[in-house]
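Report on one structure; see the data block that follows.
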Amino acid sequence: MMLCSSLRTRIRSWLRDYDKIQAVAVILIYIQIGCALAGSLGALYNGVLLINLAIALFALVAIESSSQSLGRTYAVLLCCAILLDITWFILFSQEIWDISKKSYGTFFIFSVRLALSMQIVGFSVRLASSLLWIQMYRLGVSSAANMASPADDLRNSFLNPPTHDVAGVMSDSEATVGGSIYDPAYYSSLFEDAHDYGYQGHKLSIGNVLESTSGAEASQLKSCIGKSFRAVEEESALNKQ
């Protein structure tokens, strides 16, 4: 009883761990790819295996890119693949199993039955994978239900469940920075302050430069600076008129 209860507790904790479930789902996708590649060696009836191979590769792209839209698209494709497998079994499994050695060679029959076997294994793996994806979706939705903004509940719920603390800190920092940068009144006041005090700051910075130079160089700089100041004052007088 103690062993069963501890095993049940471990299974429940594992089913609540999103990262572990996703890791197992990726392993199952690789198994599907291997089955599809092996089954594609069949001389006939291997079209469905190539379709399953394409869907499995699409699933890897969806997981690696952490795209919500691609994840939902793969969930739909997974359901379609399971229905396609069932239809394929109904139509061709009995025919493949009853192939006569008199009509076809040994390697031909072996390749076709290999395709059937890989299709059976891949179908079983897809069923298990669909259960894991349903659990991943449930964990994502339960995490998104606690978010403050209901508009983002399902956008961040499938392949990468939200982290509330980090998201809250990031949103606060973005609000602060965005408010200071994109506030027109604040931004225009910066330009007004720079326009009012820029001339005085320019004088102070030039005075510091003059103090650090020698006498001959200072006289040359003074003459050049005097001309520039007069030009600036004339331009400002013209602008005021």
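Bear in mind that the values in this text are calculations on the coordinates, not laboratory data. Everything numeric here is computed off the predicted structure, so don't read it as measured data. When we count neighbours, we look across all protein chains shown, and the Cβ atoms used for this are built from the backbone with ideal geometry, even at glycine.
With the simple model of a label 7 Å out from the Cα in the direction of the Cβ, Asp98 to Val121 spans 2.7 nm. Counted residue by residue at 0.36 nm each, then reduced by the alpha carbon distance between them, the extension gain from Leu41 to Arg138 reaches 31.2 nm.
Averaged over residues, the count of other Cβ atoms within 10 Å places the peptides 11-23, 115-127, 56-68 in the sequence 115-127, 56-68, 11-23, highest first. The packing ranking of peptides 95-105, 78-88, highest mean first, is 78-88, 95-105, where packing means the average number of other beta carbon atoms within 10 angstrom of each residue. Once the Cα-Cα distance is subtracted from the 0.36 nm per residue extended length, the Ser69 to Ile86 segment shows a gain of 3.5 nm.
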